[in-house]
Amino acid sequence: MVGTNGRSMLGRGLLLVVTVMAMAAGPLVQRGTSDGRPGLVTVRTGHGVQATWDVRTGTLDRVTLGGEILVTGPPPPSWFIELDQTGSSPLTCRWLGYRIRDGRAVLRYELLAPSGQRLQVEERPETVIGPGGLLSLQRTFTMTPAGESGVVKRIRTGTVGGLTLPVRTTGTLHPRGADDNLLADVTMNATGSTVITTIFNGHWADPPAKATKEPTP
């Protein structure tokens, strides 16, 4: 028979196991990378995936799984604002740190527009299961104050080896085409959040089972 003390000891034991497992997994957010490059932050986004950002420019640097690079980021800068009939202009980015919300990291930036307006950006990255069970990096962006139109985020849409990575977004996607067929620009929504999801072809959360078929009598 297990009494109150037994249940308490069991609860403490389970808590200890969970704590040890969390410590073994490493911190959720870690400054720098194993190769010692400065100005980077690495986030464990789930399902064994890690994503690294250059916090000096707010640019995604790389996404890895078990040491394999799934995708590298675009060359910085990656934040722009559209100008009337004259293309776009890069935005100055300032790192404001991060928060932990609901067990996930939320990266925080400040963007300085040519008009002098300062925009606060929160980026929440997480690994989700996409079509067919494929691993996907989903990034949810929220800007304050709302209403600034023409803010653009540049992203990768393919690997260095030329493998196309499907991209879904609630913003407006503009492939760069002749400039670079592995890059695209996403015009962010002026109000509400903007979601950008990159789907990693050939990488499943669970390897697909081999199809079997009973022989026809």
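The values are calculated or read from the model by the stated rules, or taken from the named source; none is laboratory data. These numbers come from a predicted model, not from an experiment. FYI the Cβ positions are ideal-geometry reconstructions off the backbone, even for glycines, and counts take in every protein chain you see. These area figures cover heavy atoms from the full protein model, side chains too; ligands, DNA and RNA do not enter into them. Shrake-Rupley method; radii C 1.70, N 1.55, O 1.52, S 1.80 Å.
Tabulated data
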{"quantity": "Sequence-distant residues sharing a close amide H with LEU70 (under 5 Å, placed H)", "calculated": "VAL63, THR64, LEU65"}
{"quantity": "Positive dipole terminus of the stretch 60-217, leading residue within LEU173, MET143, PRO75 (C-beta point charges)", "calculated": "MET143"}
{"quantity": "Rounded to whole Hz, the Karplus (6.51, -1.76, 1.60) HN-Hα couplings of the stretch 127-133, x for glycine and proline", "calculated": "8, 10, 8, x, x, x, x"}
{"quantity": "Coordinate range along principal axes, alpha carbons of the stretch 19-174, Å, largest first", "calculated": "53, 33, 29"}
{"quantity": "Under the Karplus curve 6.51 cos²θ - 1.76 cosθ + 1.60, θ = phi - 60°, whole-Hz ³J(HN,Hα) for the stretch 76-91, x wherever Gly or Pro sits", "calculated": "x, x, 10, 10, 9, 9, 6, 10, 4, 6, 10, x, 9, 10, x, 9"}
{"quantity": "Dipole magnitude of the stretch 57-160, debye to nearest 20 (Cβ charges: Lys/Arg +1, Asp/Glu -1, about Cα centre)", "calculated": "220 debye"}
{"quantity": "Residue order for ARG99, ARG108 - accessible surface, 1.4 angstrom probe, largest first", "calculated": "ARG99, ARG108"}
{"quantity": "Two-site label geometry, THR159 and ASP206: point separation in nm, points 7 Å out along Cα→Cβ", "calculated": "2.4 nm"}
{"quantity": "For ILE69, solvent-accessible area (1.4 Å; no DNA, RNA or ligand), Å²", "calculated": "90 Å²"}
{"quantity": "Rounded accessible area per residue of the stretch 117-196, 1.4 Å, Å²", "calculated": "44 Å²"}
